[in-house]
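Participant: Just passing along the structure, written as C-alpha cells.
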Amino acid sequence: MRPPTHFGNDITNTEANGDEQNNQNNSNTGSGGNNGNGGGNNNGRSHTDFIVERLTQNGATRPLPKNAGSGIIRVVERCDDAKENNNLDLSECELIQVPDAVYHLMRNTELKTCDLSGNVITKISPKFAVKFSFITELNLSHNQMARLPDELADLQSLEVLDISHNSFISLPTVVFKMPKLRELRANNNAIIDIDRDEIITSESLELVDLRHNPLTPFCHDLLKRANVTFRIELSDRVKEDWEDLTI
C-alpha cells in the first residue's frame, strides 16, 4: 500500500482525512449542528471532536488535531470492541506506531490477539510485550518494519506471528526466543539469509514460511535440505544465468 504523505502526532494520517472532516463539519453546521448520531447538537461539537478529546484524555502523548478524522475514530471504537472480545483489531487504521493511548485504553483488558496489519508502522515499542503479554497471535503484516525489539521475547504465550509483507532483510533472532511460537510467517520480505543455527534449535516451531524472499542460493539450498522437525516453506529457486548450462 502507498504510505500517506503526512501523519499527525504519532497516531494517524491527518492530512488525508482533513477534507473529509471539513466537509462533514460543514454539513453538520448546515443541518443545525447535528453530530450524525441521532441529531443532538452537543453544543455545536461534532462526534469526531468528542472522539479526539476522549483519546487525548486517555493517554495520547500530545493533544490531537481536530481534523484527525476517521483513523482516530476507528482506533477508539476498535479498542472498545476489544474490551468485549479480547481481540484488538487495529488493521487499516493508518497508524505509524501503536499510540500510548491504546495501551492506556487496554490497561484492564487481557488481550488474546492483536492485528496491526495494513498500516505504515516502522517499529514496535519494547513496552508492547509488557502491555500485551498474554497475546497468542500477533499480525504485523503489510507494514514497513525491518526489525523487532528483543523485548518481544517476553511474549511467553505467543503462538502465531505474521511479519509478512514488510522490509526485513533477515529473520529477527528474537522470534527464536519465543517459547511457544508455532507458526512464523515471514513471506514477501527482503530476507537474504538467516541464522540457521537459531532456527534449527527452536523446539516449538511447526511452520516457517519464507516464500517470496531473495534468499541466497547457498541459504536456499541449505534450508531445503535442513533436517528439522518443522516445515519450511520456500519458493522455487530461480537459477542464475551462470548456473544454467543450456544457455
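The values are calculated or read from the model by the stated rules, or taken from the named source; none is laboratory data. The structure presented is a predicted model; accordingly, all values stated were derived computationally and were not measured. Please note: Cβ atoms are built from the backbone with ideal geometry, for glycine as well, and neighbour counts cover all protein chains shown. Note: areas computed on protein heavy atoms with side chains; ligands, DNA, RNA excluded. Shrake-Rupley method; radii C 1.70, N 1.55, O 1.52, S 1.80 Å.
Participant: Out of all the residues in segment 78-95, which are basic (Lys, Arg) and over 22 Å from Gln156 (Cα atoms)?
Facilitator: The one that is basic (Lys, Arg) and over 22 Å from Gln156 (Cα atoms): Arg78.
The rows are residues; the columns are (1) acidic (Asp, Glu); (2) farther than 19 Å from Val120 by Cα.
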| position | (1), (2) |
| --- | --- |
| Ser141 | no, no |
| Arg147 | no, no |
| Asp154 | yes, yes |
| Val160 | no, yes |
| His165 | no, no |
| Val174 | no, yes |
| Arg182 | no, yes |
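Participant: Now for a different question. Given Val102, Val75, Val98, which one is β-branched (Val, Ile, Thr), within 19 Å of Leu155 (Cα to Cα) and open to solvent by less than 10 Å² (accessible area, probe 1.4 Å)?
Facilitator: Result of the check over Val102, Val75, Val98: Val102.
Participant: Give me the pairs: first residue in segment 103-117 and more than 16 Å from His142 (Cβ to Cβ), second residue among the charged types (D, E, K, R), beta-carbon distance under 6 Å, and six or more apart or on different chains, which are they?
Facilitator: Listed by first residue and then by second, the contacts come to Tyr103/Lys131; Thr109/Lys83; Thr113/Glu137.
Participant: Among the residues in segment 201-218, are any loosely packed, with under 15 Cβ neighbours inside 10 Å and at pLDDT below 90?
Facilitator: Within segment 201-218, one or more residues are loosely packed, with under 15 Cβ neighbours inside 10 Å and at pLDDT below 90.
Participant: If you go through segment 149-177 one residue at a time, how many are at pLDDT below 95 and assigned to a loop (DSSP other than H, G, I, E, B)?
Facilitator: Within segment 149-177, residues that are at pLDDT below 95 and assigned to a loop (DSSP other than H, G, I, E, B) number 2.
Participant: Please state which one of Ile72, Ile124, Ile96 is touching a residue at least 60 places away in the same chain (Cβ under 8 Å) and either among the aromatic types (Phe, Trp, Tyr) or in a loop (DSSP other than H, G, I, E, B) (or both).
Facilitator: Testing whether each residue is touching a residue at least 60 places away in the same chain (Cβ under 8 Å) and either among the aromatic types (Phe, Trp, Tyr) or in a loop (DSSP other than H, G, I, E, B) (or both) leaves just Ile96.
Participant: When the residues of segment 144-165 are filtered to those that are of a type in the set (Gly, Ala, Ser) and closer than 17 Å to Thr113 by Cβ, which remaining residue is surrounded by the most Cβ atoms within 10 Å (Cβ to Cβ)?
Facilitator: Filtering first and then ranking leaves Ser164.
Participant: Same structure, new question: Consider Phe128 carefully, then state whether it is under 21 Å from Asp81 (Cβ atoms) and either touching a helix residue (DSSP H, G or I) at 6+ places or on another chain (Cβ under 9 Å) or open to solvent by less than 60 Å² (accessible area, probe 1.4 Å) (or both).
Facilitator: Spelling it out, Phe128 is indeed under 21 Å from Asp81 (Cβ atoms) and either touching a helix residue (DSSP H, G or I) at 6+ places or on another chain (Cβ under 9 Å) or open to solvent by less than 60 Å² (accessible area, probe 1.4 Å) (or both).
Participant: Moving to a separate point now. Which residues, counting only those in segment 131-143, are buried (at least 19 other Cβ atoms within 10 Å of the Cβ) and of a type in the set (Gly, Ala, Ser)?
Facilitator: Matches in segment 131-143: Ser141 only.
Participant: I'd like the full set of residues that are open to solvent by 70 Å² or more (accessible area, probe 1.4 Å), more than 22 Å from Ser133 (Cα to Cα) and either of a type in the set (D, E, K, R) or not in a loop (DSSP other than H, G, I, E, B) (or both), limited to segment 178-200.
Facilitator: Those that are open to solvent by 70 Å² or more (accessible area, probe 1.4 Å), more than 22 Å from Ser133 (Cα to Cα) and either of a type in the set (D, E, K, R) or not in a loop (DSSP other than H, G, I, E, B) (or both): Asp197, Ile200.
Participant: Tell me which residues, restricted to segment 109-124, are over 8 Å from the mean Cα position of the chain (by Cα) and polar (S, T, N, Q).
Facilitator: Thr109, Thr113, Thr122
Participant: Moving on. Would you point out which residue out of Ser141, Ser133 is within 21 Å of Asn189 (Cβ to Cβ) and outside any strand (DSSP E or B)?
Facilitator: Result of the check over Ser141, Ser133: Ser141.
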